[in-house]
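In what follows, a structure is listed as structure tokens, so that the remarks can point back to it.
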Amino acid sequence: MAKDLISLPKELGTNLRLLRTITDKTLDEVASVSGLSKSFISLVESGSRSIKPFDLKRLLAVYNYTLSWFLSKTQDTIEGFIFEPSALVQTKNHSLLLEGSRKEGSLCILLLRPMRHEKDTEFMEIYLPAETVLSETFTTVEGEVRGVVILGTLLIEMKDKEYIIREREEFCFDGQKPHIFRNFTSIATKVLLTITHT
């Protein structure tokens, strides 16, 4: 039976402390860069305090690791885990639902192949219901973004231009350019995406 990683703070803390040790960082350094307090990080690492997914992302960014890499690695020590909807869940075949809900018709991002290193190419499937946006604000990623629309129509907004990608069309851009993925149509959009880290 799948377990909720947030309800396993001891296991989560052990993995975070190990990651900090491996990257040779002090609590002071991590606190300074992440914006989280030293005492909070210490409590999380000891398993005395839980951490929200957003703060977990901030913490992992200090170590130059992605959330998907960490979750994939954590699979080795926790036999199956699941986050509640609107957070992070592991699905069948080792896919990871990074955002959204498993409920039918909800926005979601599936990591199709767990990562074993922060430089691994990320393979994901993005599902955008009708008239939804992946992020309200412009986001960036490290690396080249490639994709193909397998259902519906995708609008990629950049600060200076917009691109409409239709079903069976491909796209590619530098992920460091601020962008937003949006489905402005009345039908669902599904996109297969790769992010090649440099």
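Before moving on, here are some points about what is shown:
- The set of residues in the range 167-187 that are part of a strand (DSSP E or B) and closer than 16 Å to residue 125 by Cα comprises 170, 171, 172, 180, 181, 182, 183.
- Any hit, the range 28-37, residues being small (Gly, Ala, Ser), in a loop (DSSP other than H, G, I, E, B) and under 21 Å from residue 10 (Cβ atoms): yes
- Candidate set: the range 149-186, residues that are among the β-branched types (Val, Ile, Thr) and under 22 Å from the mean Cα position of the chain (by Cα); chosen: the one nearest to residue 138 (Cα to Cα): 180
- Taking the listed residues 125, 157, the one that is within 22 Å of residue 197 (Cβ to Cβ) and assigned by TED's automatic domain parsing to the domain that holds residue 187 is 125, with no other qualifying.
- Residue that is nearest to the chain's Cα centre (by Cα) [pool: residues in the range 29-56 that are surrounded by 16 or more Cβ atoms within 10 Å (Cβ to Cβ) and aliphatic (A, V, I, L, M)]: 56
- Matching residues in the range 17-28 - criterion: being surrounded by 11 or more Cβ atoms within 10 Å (Cβ to Cβ) and more than 22 Å from the chain's Cα centre (by Cα): 25, 27
- The range 158-189, residues that are surrounded by 17 or more Cβ atoms within 10 Å (Cβ to Cβ) and of a type in the set (D, E, K, R): 182
- Options 72, 50, 34: the member that is of a type in the set (Ser, Thr, Tyr), modelled with pLDDT under 75 and within 30 Å of residue 107 (Cβ to Cβ): 72
The values are calculated or read from the model by the stated rules, or taken from the named source; none is laboratory data. The structure presented is a predicted model; accordingly, all values stated were derived computationally and were not measured. A quick note on method: Cβ atoms are made from the backbone with ideal geometry, for glycine too, and the neighbour counts reach across all protein chains shown.
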